[in-house]
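Single-structure report; data block below.
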Amino acid sequence: MSYPNLPQEVRQILDSQEHILYATKESKTLGLTITPDWICITDQRVILYQPSMAGLKKKIVDYVYADIANVIQKRGILGAAIALKVRYLSKDLELGAIPKDQVPAAFKIIREQISRRQAPMPVPVPATPASPASGMMFCRECGKSIARESKFCQLCGAKLS
């Protein structure tokens, strides 16, 4: 999807391999929510863009998915918002003023990207003998059953000691 009105300042910070998955121009609201002019959700991060009132000072803040612990969808009678639990912030970062009908789609994109970036790594299984009589042990890297006299795992190629 193309976003022709996305500010040039935001386009300039995108990596060459980064893809915009969602972007919206917010309307200014009062309250405790952060209300940047633009919210841009890419496959690598969430970008907030806010020019100053006088147009002299612009603010771009981005949050990579590895720093986002969770995303919460807040829906009410009057509106909807998305809250990000950022690991190094004590309060939730609330993205208000996303059009109410677009909140579920934006929420889904962020949730999928967080899951993709934070997928748990498989826990290596330590090499232990299966049984003394069998002459078998398990690879420390992948857990495959291998012959005790093997120097390398046949599945993952790990060196056995």
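What follows is calculated from the coordinates using simple rules that are stated; it is not laboratory data. All values reported here derive from a predicted model rather than from experimental measurement. Cβ atoms come from the backbone with ideal geometry, glycine included; neighbour counts cover every protein chain shown.
Cβ under 14 Å from Ala66's Cβ, Ala66 left aside: what net charge do those residues give with Lys, Arg +1 and Asp, Glu -1?
+2
Taking the alpha-carbon distance from Lys159 and a cut-off under 28 Å, which lysines remain once sequence neighbours fewer than 8 residues away in the same chain are dropped?
Qualifying lysines at Cα under 28 Å: Lys144, Lys151.
Extending each Cα 7 Å along its Cβ direction at Lys59 and Asn5, get the distance between those two points in nm, one decimal.
Label-label distance for Lys59 and Asn5, simple model: 2.2 nm.
For the cross-link pairs Lys74/Lys100; Lys25/Lys58; Lys59/Lys85; Lys74/Lys108; Lys59/Lys108, which exceed 18 Å when the distance is taken from alpha carbon to alpha carbon?
Beyond 18 Å: Lys59/Lys85; Lys59/Lys108.
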